[in-house]
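Visitor: Take this structure first; my questions come after.
The values are calculated or read from the model by the stated rules, or taken from the named source; none is laboratory data. The model shown is predicted, which means the values in this text are computed figures rather than measured ones. We work out accessible area using only protein heavy atoms, side chains counted, and drop any ligands, DNA or RNA first. Shrake-Rupley method; radii C 1.70, N 1.55, O 1.52, S 1.80 Å.
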Amino acid sequence: MTDRSDETPEKTAAGGPSPLALLRAARDQLVELTGLYPEALPRLERTDEGWLLEAEVVELARVPETMSLMALYEVTLDPDGLLTGYRRLRRYERGRSDRR
């Protein structure tokens, strides 16, 4: 994998970071702060303050893998893609589904 930190972020026609650049920046910043690598980024949404995304991470790996402890984090970014905050929304076993 190459280091993309020195590259110019991908921009949209409006001049802001592209969604892909935002996701990459958020992932990299979350990993650096928490040491947890997102397995999925199921939500990306523009807000009045910037961007909101959710990241699923493995908090505790177990055997079998379906018993691993997962967590869903909410991550907020400013309009340029800089992380402004994060919080854990919930924890669950990988094999469990939502009750919705």
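Visitor: In square angstrom, what is the accessible area per residue of the stretch 32-99 with a 1.4 angstrom probe? Before the final figure, lay out each step's value.
Guide: Working: 4590 Å² over 68 residues.
Normalised by residue count, the accessible surface of the stretch 32-99 is 67 Å².
Visitor: Further, regarding this structure: Over the stretch 44-100, with every protein chain in place, what whole percent of the accessible area is carbon and sulfur at 1.4 Å, could you tell me? All intermediate terms of the calculation are to be shown ahead of the outcome.
Guide: Working: 1760 of 3930 Å².
Accessible surface attributable to carbon and sulfur in the stretch 44-100 totals 45 percent.
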